[in-house]
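Shown next, in structure tokens, is the structure this report addresses.
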Amino acid sequence: MRFAETVVLVTGAGSGIGKAAAARFASEGAKVILVGRTKSKLERAAKEINESLNIPMAEIFPADVTDEEDVLELARYVEEQFGELHVLVNNAGGSVHSKIMDTTAQDWDFVQNTNLKSVFLVSKILGKLMAECADKESDISHNRSIVNVASLSGHQAGAHIPHYSAAKAGVINFTKALALELSQYGIRVNSVSPGFVETPLTEQGMQNEQFVKAIRKNTALKRAGKADEIANVIAFAASQEASYMTGSDILVDGGWLIK
Ligand SMILES: NC(=O)c1ccc[n+]([C@@H]2O[C@H](COP(=O)([O-])OP(=O)(O)OC[C@H]3O[C@@H](n4cnc5c(N)ncnc54)[C@H](OP(=O)(O)O)[C@@H]3O)[C@@H](O)[C@H]2O)c1
């Protein structure tokens, strides 16, 4: 069990990649805190995860990760309930579609806040808790790590998602800055960049035959990914198996960029 005795927090865990990652951590022994804005989604996800295990491992905390007060409350909850945080997965994200000339300043702010400011706020506030926990230990051998979910769009700007592409490129570079700053505490920080994955975020697009055809044509593996295939890589980056990896981005795009 790679995550026995490990407290893991996953943002955006009510659906898609976050939910799959939370399930993977819990199935490997972690206590998992599921964070998202919609309580009913979190409850459903936690129930599903707990029903698949002998001992319930998933708990929920509804919060908006773009709101500093919510994140501070989340940190207080984690400290009081667990007194520790080993793994943080900044997965919450989302986008709207528009060309640059049609993008409003409001759209721009929404996408930056959801994808980039959220990673900054949660990393700053919960990263502090992780660093304090590491500081209390006589050595820093306990595996502690942060995994930020970026995107293929952070490497190659996607059509009609200029704000999202810019934000995700920001996540990849912020990850490197954070990795440098937290290295003194033995906390590794990496990002995972998924290509096209079947989740509620891409559900609408996946119903469009042209879109699905374009994914098949442009992806070396000729298909979209599944949330579990990204969760597996997130879990690897978070685990002791990746003990010498920090400040890296792992592209999991089915071979989109090589085509
Ligand atoms: N699917 C893909 O093809 C793909 C590709 C590359 C990267 N990604 C990235 O992967 C991550 C997960 O996306 P997904 O595909 O799994 O989509 P998803 O199912 O829509 O998951 C995103 C989750 O984030 C939560 N969320 C959004 N804004 C939030 C906020 N302000 N505070 C707290 N939680 C928030 C949502 O729940 P609530 O609305 O209830 O808060 C939702 O559960 C995102 O960062 C996305 O950009 C996805």
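All of the numbers you see were taken from the coordinates with simple rules; none came from a lab. These figures come from a predicted structure and were not determined experimentally. For neighbour counting, all protein chains shown are included, and Cβ atoms are generated from backbone atoms with ideal geometry for every residue, glycine included.
Tabulated results
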quantity	calculated
Under 5 Å, built H, 5+ apart or other chain: amide partners of residue 60	34
Farthest positive-ward along the chain dipole, Cα basis, beta-carbon charges - from 231, 29, 255	255
Cβ-based exposure ranking for 250, 100, 215, 230, in which fewest neighbours within 10 Å come first	100, 250, 215, 230
³J(HN,Hα) computed for each position of region 3-19 - Karplus, 6.51 cos²θ - 1.76 cosθ + 1.60, integer Hz, glycine/proline x	10, 4, 6, 10, 9, 10, 10, 10, 8, x, 8, x, 7, x, 5, x, 5
Separation in nanometres of the label points that stand 7 Å from Cα toward Cβ, at residue 110 and residue 5	4.6
Simple spin-label estimate for residue 97 and residue 39 in nanometres, 7 Å along Cα-Cβ	3.4
Phi-based couplings in Hz for region 236-251 (Karplus 6.51, -1.76, 1.60; Gly and Pro marked x)	4, 4, 7, 8, 4, 4, 9, 4, 10, 10, 8, x, 9, 10, 10, 8
Residue among 234, 17, 49 with the largest mean-square fluctuation in a Gaussian network model of the chain, springs linking Cα atoms under 10 Å	49
Ranked list, fewest to most other Cβ atoms within 10 Å of each Cβ, for 130, 206	206, 130
Reach of residue 47 by Cα under 20 Å, taken over lysines that are not fewer than 8 positions away in the same chain	19, 31, 39
Radius 12 Å from Cβ of residue 62, net charge of other residues (Lys, Arg +1; Asp, Glu -1)	-3
Residue exposure sequence - 44, 76, 24 - by fewest surrounding Cβ within 10 Å	76, 44, 24
Partners for residue 213 among lysines (Cα-Cα distance below 21 Å; same-chain residues under 8 apart left out)	222, 226, 259
Area projected by the alpha carbon convex hull of region 82-204, averaged over all directions, nm²	8.3
Amide H within-cut-off set for residue 189, under 5 Å, with H built and near neighbours excluded	146, 247
Long-range HN-HN contacts of residue 197 with modeled amide H, under 5 Å	225
Total charge dipole magnitude, the chain, about the Cα centre, Cβ charges on Lys, Arg, Asp, Glu only, Debye to nearest 20	1020
Cα-derived Rg to Rh of the chain, Kirkwood definition	0.96
